[in-house]
Each structure stands twice: as C-alpha cells, then as structure tokens.
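Everything on this sheet refers to the single structure shown next.
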Amino acid sequence: MQTKLMRTKKSNTKRSAMVRNFTAIFVMMAVCVSSIITVMAKTVSVTIIDNGEETSISIMDPTKENVLDAAVQYQRIEALDADDEVTYDEETNSLTIRRGIEITVNADGESRKVKLHYGDTAMRAVVKAGFIMSPSDRLSEAGDTMLTEDAELSITRYYHVDVVADGETQSLLVKEGDVNSALEAASVTLGEEDFTDVALEEALSEGLTVKVSRVTYEEETKTEAVDYTVKQVETDDLYKGETKVQTKGVEGERTIVYRNKLIDGEVVETKEVSNEVTTEPVQQVELVGTKTRPSGYASISSDGTLIDHNGNKVSYTKAYTGRCTAYTGGGWTATGRPAQYGNIAVNPNVIPYGSKLYICSPDGSIVYGYAIAADTGGFASQGYIMADLYYDTYQQCANFGVRNMTIYVLS
C-alpha cells in the first residue's frame, strides 16, 4: 500500500510539471502574437507608380524619403537622379515617379533638345522648346500624345501664298519650302526664259506673293522702199538746162524681219533677224540738154527749178498753167502798186497778193519774165483766165492776145 501511495505521488508531481510547461509555452506564444499584431498595426502599404508601372511596398514610417529608400533597397525601383520628379500623396499613400526624359523638337531648320518628364505631352515639348505654332502648322504627333525617352517631334510650317500667273491669282496653303514649292502647288510650270519676281530658292513666308512673268517671242516683217539711182545722159536734142526723163525710175523694196521679245505680252526688246532687198529698184535715166538755146528762152527742169531767159537757175514751189490775157492803161493796182510791166492781176484766192512769180509759155519759147501778184480783175476772179498780164503799150497787148502761160510761184 505504501508502494502504491508513492507511485501516486510521483504521478501527480509529473502532471504538475507538464502543466507548468504548457503554461509557459502559452504565455510565450501570446507575447509573440501580440508583438506581431502590434507590428502589423503600425505597417502601411504604399503604392508606387514609376513611369506608369505600378508596384507596392509596406513600411512603418511612410514618408516620401523613407518610401524611396526602401523601394530602392528592396529593388522595387531604380535609384532616382536629379532630373526625376517625385510626388507623394499621404491621403492615398501613393508615390508617383516621373522620370526625366530628353526630347528633340525640329522646326525651321533647327533642332532643340528639351528636358521633360515621363507623361508630358507633345505640345508641352513644343512650348518648352520655344517654338510658336500657327493654326496652319502641323506637328508630327498629336498635341496630347504622351512622350517617352528620346522621342523626336517635327513641326511642319504651312504658309498662305498667292501665285500670280497667266492672268490668274491662286491663293494657296503651301507646305514649307521655297518658291519652287509654291509653283508646284499651283501647277505652274516655268518656260525656259520665264521668271518670277522672287528668287526660286527663297524660303516661303506668310502672305508671300509670287508673280510669274512669261517670256515669248514673235517675228515681225516690215518693208521699206529702196531709192533708185539717177543716170544722166547728155544729148544735143535738148537745150542746155533742159532735162527729160527717158526711163522712169522705180523704187525697189527691202524686206526686214525683226524678232520681238515679249514679257507678259509687252514688247521689251527688238532685234533685227534679216535685212535684204527683195525687189531691185529700176534706175532712172535722164537726158540732159547740151544744145545752146537762142536768147530769150526759158527752160524748165523736173527738180523744181527752171533756167530763166538770162540763164539763171531759179527754184519754184508751185506752177499754174492756164489762159492769160494782157491789159494796159496805167493807174494803180489793188495793192497800191503802180500799174506797170511786171505787176499783174490774179485771183488772190489762188495766188496770194505779193507772190513773186516767173511767167513763160509751157515750152519756154514765150517769156513774160519776173512779176508780182499786185492786182485783180473780174475775169481772173471768176476763173475765166489765170492772169491778166500788164504791158506798157496797147500794141504789146494786141501782140500777146490770149495765150496759155505757166505761172511759177518762186521760193
């Protein structure tokens, strides 16, 4: 019985030890769980958006600097540099990183590099590059396109240009280039010698007007008379001072061809292309008298001159041939001159008063001589006679009678 009691006592001692062990383990576990719960209660999950890619990290002290350090440490993101932009929203526990990017903008023959951030738009790059776009200009990307590293943009200019050609004005919106571009847009082709008032290589600009001048050529033919020459042949069939046309001269013809240069239809230059005699002139042959004239004769030439009865050469401007009568009796003429030989009566509407005259028969055989238109008479005024010649005696008048005479008005 004693042995049984001892066994029971040992059993109770062993059970108490086990209870104590379980209690210690339980207390330890409770402490650990409590610590874990406390740590979990102080840890915050932060969303990180890096160039549009999202990740997250849990951190006890979520300041911007702590989040960045932890994210780099645990290789969630790459380290930042000075060009990167970081924003932290404490309300949403989100951190946004926009990495710095370099963009090239090309315009007006120039390339400009600008510093931006991931997500910036194409129009933002244009503005930052300092380029100004008109409503007509075109950008290689839509203005709201989000840019990435090393993106390249190009601005294409468009200009309002007027092209004036062939009597027509075309108003066009032309892509940047030179004057040749404007002509091509207007479907205007230049001829070999056509030209513009603005150099073809000049760059286009807003409001530019380009005028095209057309160069054409035309030929013009003109004719001119070619004078004939005169050959004189002496003959004793005519008196000295007399001439007679044996063969009448005929003018020839010269044909001249000119080439005219025209600009927009206006002649600006004329050059002679050819010049040749197309019809030869006919030489005039004149007979020149060598026979000695009896005294008192007059000789009339065909060149507006005459040889008076004294052998003097006299020029005249007009000649009138008609019936003449004679009168005498003295007194005074209508012009106040005395009625005497040499002062004759005429129709002053035909031969003005005061005209200096030379009078002879058409063949020069009868010579009245030099005279002045000094008087008038009824028959002369009415046109029945050409003149009434004054003689000093009645017998002279009777001898003259009525004859055809030529009255030369002297130069």
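Condition first: assigned to a loop (DSSP other than H, G, I, E, B) and under 24 Å from the mean Cα position of the chain (by Cα). Now tell me which residues in segment 203-228 satisfy that.
Start the filter on segment 203-228 by keeping residues that are assigned to a loop (DSSP other than H, G, I, E, B), which leaves 204-208, 214, 227-228.
LEU204, SER205, GLU206, GLY207, LEU208, ARG214, listed by residue number.
Scanning segment 323-365 for residues that are surrounded by 13 or more Cβ atoms within 10 Å (Cβ to Cβ), of a type in the set (S, T, N, Q) and not in a strand (DSSP E or B) yields THR328, THR333, THR335, GLN340, ASN347, SER355, SER361.
Residues that are among the acidic types (Asp, Glu) and at pLDDT below 90: does segment 354-366 have at least one?
Keep residues of segment 354-366 that are among the acidic types (Asp, Glu), which gives 363.
When the remaining residues are screened for being at pLDDT below 90, the result is 363.
Scanning segment 354-366, I find at least one residue that is among the acidic types (Asp, Glu) and at pLDDT below 90, so the answer is yes.
Among the residues of segment 383-404, none qualifies, meaning not one is under 60 Å from the mean Cα position of the chain (by Cα) and either among the hydroxyl-bearing types (Ser, Thr, Tyr) or in the same structural domain as LYS313 (by TED's automatic domain parsing) (or both).
Going through (1) over 35 Å from the mean Cα position of the chain (by Cα); (2) farther than 30 Å from ASP363 by Cβ one by one, VAL174 falls short only on (1).
The single condition from (1) closer than 30 Å to LEU190 by Cα; (2) part of a loop (DSSP other than H, G, I, E, B) that ALA142 fails is (1).
Table: residues versus (1) surrounded by 12 or more Cβ atoms within 10 Å (Cβ to Cβ); (2) more than 23 Å from GLU276 (Cβ to Cβ); (3) polar (S, T, N, Q).
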position	(1), (2), (3)
VAL212	yes, yes, no
VAL215	yes, yes, no
GLU220	yes, no, no
THR223	no, no, yes
THR229	no, no, yes
ASP236	no, yes, no
GLU242	yes, yes, no
GLY249	yes, no, no
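Please verify whether ALA41 is among the small types (Gly, Ala, Ser), farther than 21 Å from HIS117 by Cβ, exposed (fewer than 10 other Cβ atoms within 10 Å of the Cβ) and at pLDDT below 90, treating the condition exactly as stated. So ALA41 fits the description; yes. Does LYS231 satisfy being part of a strand (DSSP E or B), at pLDDT 95 or above and closer than 17 Å to VAL285 by Cβ? Yes; evaluated as a whole, the condition is true for this residue. State yes or no: is LEU200 in contact (Cβ under 8 Å) with a residue 12 or more places away in the chain, part of a loop (DSSP other than H, G, I, E, B) and buried (at least 16 other Cβ atoms within 10 Å of the Cβ)? So LEU200 does not fit the description; no. The C-beta contact set for segment 47-75 (first residue touching a residue at least 40 places away in the same chain (Cβ under 8 Å), second residue assigned to a helix (DSSP H, G or I), distance under 9 angstrom, 6+ apart or interchain) comprises ILE48/VAL67; ILE48/LEU68; ILE48/ALA71; ASP50/ALA71.
When ILE97 is tested against (1) within 30 Å of SER205 (Cα to Cα); (2) β-branched (Val, Ile, Thr); (3) surrounded by 16 or more Cβ atoms within 10 Å (Cβ to Cβ), exactly one condition is not met: (1).
Here's the yes/no breakdown for (1) modelled with pLDDT of 95 or more; (2) among the hydroxyl-bearing types (Ser, Thr, Tyr):
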| position | (1), (2) |
| --- | --- |
| SER136 | no, yes |
| GLY143 | no, no |
| MET146 | no, no |
| VAL164 | yes, no |
| SER187 | yes, yes |
| GLU218 | yes, no |
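Residues GLU184, GLU193, GLU149: which one is part of a helix (DSSP H, G or I) and charged (D, E, K, R)?
Values: GLU193 fails: part of a helix (DSSP H, G or I); GLU149 fails: part of a helix (DSSP H, G or I).
From the options GLU184, GLU193, GLU149, the qualifying one is GLU184.
Taking the conditions (1) assigned to a strand (DSSP E or B); (2) crowded, with 16+ Cβ neighbours inside 10 Å; (3) not polar (S, T, N, Q) in turn, ALA319 satisfies each one other than (2). Looking only at residues in segment 121-135 that are at negative phi and in a loop (DSSP other than H, G, I, E, B), the one that is surrounded by the most Cβ atoms within 10 Å (Cβ to Cβ) is PHE131.
Inside segment 86-120, residues that are within 18 Å of ILE49 (Cβ to Cβ), in contact with a Leu (Cβ under 8 Å, 6 or more places away or on another chain) and assigned to a strand (DSSP E or B) make up a count of 9.
The values are calculated or read from the model by the stated rules, or taken from the named source; none is laboratory data. What you are looking at is a predicted structure, and each value in this text was computed from that prediction instead of being measured. Ideal geometry is used to build each Cβ from the backbone, glycine not excepted, and the neighbour counts take in all protein chains shown.
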